[in-house]
Amino acid sequence: VPVTAVAGLHFARFRISSTIVTSPLGFVVDGEVEDHPVNILSLLPFVPVPDTNVATDDGVAVSGNVLANDTDPNGGPSTFVANPGTYQGTFGTLVLDISGDYTYLVTDETIGTGFVSSDAFTVEISDGIALLGSALTIQVNGSNDPPQIISPNTFSIDENTITVAQVVGSDIDVGTSLTYSLGVNGDDTSLFDIDPVTGELTFLVAPNFELPSDFNTDSVYEVEVQVSDGEDSATQLLQVTVNDVEEDPAPQIVAVWVKSTSWTPQFLDAADGVVDDGFSTGYRIPDGKDQVKALPWSNIDRILVQFSEDVGASVDVGDFSISGVPGVLSGQAVQLPSVVSVTFDSISFIATLELDRRISNSYIDLAITASGIVDSLGSPLDGEWSNTVTIGNSGNGVAGGDFLYRFAVLPGDANQNGSVSISDLATVAAVFGSVVGSQTYSITRDVNGSGSISISDLANIASVFGTVLPSVPLSAMPATETVLATSSAASLSDSDWDDILDGGLGEV
């Protein structure tokens, strides 16, 4: 066969003769003629072309055909893949068909944004004559997979607890850092905080079952949390149920009393309302609107505070302070007293405050700090108080809350109308000579606390005649301004005294 012969199927003609008869040119001129096929093969080698593709871990398969770019120099139509099947690479799965068609899907979801690598596969290709190896290389690019929140969406905690739980996020991409935050939804999200690194979810203020602060006031708090990998994020709406816990009740203030070391036992019996009971607490300031009614006694030098339970171990003079609005006496602003010592009675639960001076005409603001008054279990004072409104014990049912309390003292104001005038003298004179236990006796007329209405009571009133309580409305506690009354004590004329003595005392 000549080198220049064209590869492929050809026919060769032969004449077969039983006689050898030739023409002058040498051809056989008799016999039969036969044509025979001759397949001339190319001497050029068959070389497959390697294939490439690009895939991303986004859940979408890529496809192609490994024979599409191959040619058979022999011209044969029967080129095929000799090793079809399913192959698992490092990052994905290849499905290869005998026809050369293939699909490749990235199955490794741990690779993230910025990751680049490849999977390589060997493909055996045949043209029916030769079997040669080729390569299919898939470049694998990572993409971001969004994070997920895998912790529960419901939690239950006891009241008065700050920490709720740890929100747990997960991201299949290797090496991803997660950041936690609060979402924008959830009726009660503003009541929470979350650690951006650990995912610890906490209340800003410990919830109280008795005083729920959630939107529905049912102690089921709704909060949205979020986790982010820097590109994508996931949110979850949580429900946090706050459970009621049987609690030790916080100490409260039961009553405020005033007293004087100059008051006689008889007067103390009358002041506390029970004669000869052996209990001489003093005068209990009433609740409600009468809380700021002027106390007429001229020698008050003790304030007593009764608690609902034993807080004696915590009581200290620094827990109590006095401010207020002083009045004017003899043209000068009176000086408010200070607390110099405190004693506590563990039976009556009464703290007695010793003052450095007697209380003169003024509004007295008594402040007791909750942080300093605690019971044996450590519960702080439940001390909230609304002046002239609260009736009964202090507090709002929640441990913690300072006690801020106002009362008024105007020595000589026997009729408790806010000024010392001739009417007070007349009121006292009308019961002159009465003693504790008598029908006409009244503790508010006995302005020196002696147990009897005498000339000394009239003298006390006369010495402060014309004084008034400061002209100031009941304000927020503690008082921030000092309001001085502009009136001053006045002298009684001889005719005034004559009227009083003639009308009330007769001949003394």
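Read the figures in this text as sums done on the coordinates, not as results from a lab. A quick note: this is a predicted structure, and the numbers were derived from the prediction, not measured. We place every Cβ from the backbone using ideal geometry, glycine too, and count neighbours over all the protein chains shown.
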* Structure fact -> Scoring the range 112-239 by relative contact order with C-alpha pairs under 8 Å, at least six apart, yields a percentage of 25
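Between Val184 and Asn65, what FRET efficiency comes out of the Förster formula 1/(1 + (r/R0)^6) with R0 = 41 Å and r the beta carbon distance, rounded to 0.05?
0.25
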* Structure fact -> Relative contact order in percent for the range 253-494 (Cα pairs under 8 Å, 6+ apart) equals 24
* Between Ile455 and Thr390, what FRET efficiency follows from the Cβ-Cβ distance if R0 is 51 Å, with the result rounded to 0.05? -> 0.80
* **For Gly112, distant residues with modelled amide H under 5 Å away** => Val174
* Structure fact -> Rounded to 0.05, the calculated FRET efficiency for the beta carbons of Ser338 and Ile172 at R₀ = 60 Å is 0.30
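Determine, for Val184, Val464, the number of other Cβ atoms within 10 Å of each Cβ, and report the residues in order from fewest to most.
Exposure proxy ranking, most exposed first: Val184, Val464.
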* Give a residue-ordered list of calculated ³J(HN,Hα) values for the range 92-107 (Karplus: 6.51 cos²θ - 1.76 cosθ + 1.60, θ = phi - 60°; whole Hz; x for Gly, Pro). => x, 10, 10, 10, 10, 9, 4, 6, x, 5, 8, 10, 9, 10, 5, 10
* What is the set of long-range amide H partners of Glu384 at a cut-off below 5 Å, with H atoms built 1.01 Å from backbone N? -> Gly395, Asn396
* Structure fact -> For Thr467, the residues 5 or more places away or on another chain with a placed amide H closer than 5 Å to its own amide H are Val420, Ala490
* Please turn the phi angles of the range 53-67 into ³J(HN,Hα) values with the Karplus equation 6.51 cos²θ - 1.76 cosθ + 1.60 (θ = phi - 60°), one per residue in order, whole Hz, x for glycine and proline. => 7, 10, 10, 10, 7, 10, x, 10, 7, 9, 9, x, 9, 6, 9
* Can you run phi through the Karplus equation (6.51, -1.76, 1.60; θ = phi - 60°) for the range 432-449 and list ³J(HN,Hα) in whole Hz, with x for Gly and Pro? -> 3, x, 6, 10, 3, x, 7, 5, 8, 6, 9, 5, 6, 7, 8, 6, 9, x
* Neighbouring Cβ atoms within 10 Å as the yardstick, rank Asp57, Asp290, Asp187, Asp402 fewest first. => Asp290, Asp187, Asp402, Asp57
* Asked: Where does each of 219-228, 139-148, 318-327 land if you order them by average Cβ count within 10 Å, highest first?
  -> 219-228, 318-327, 139-148
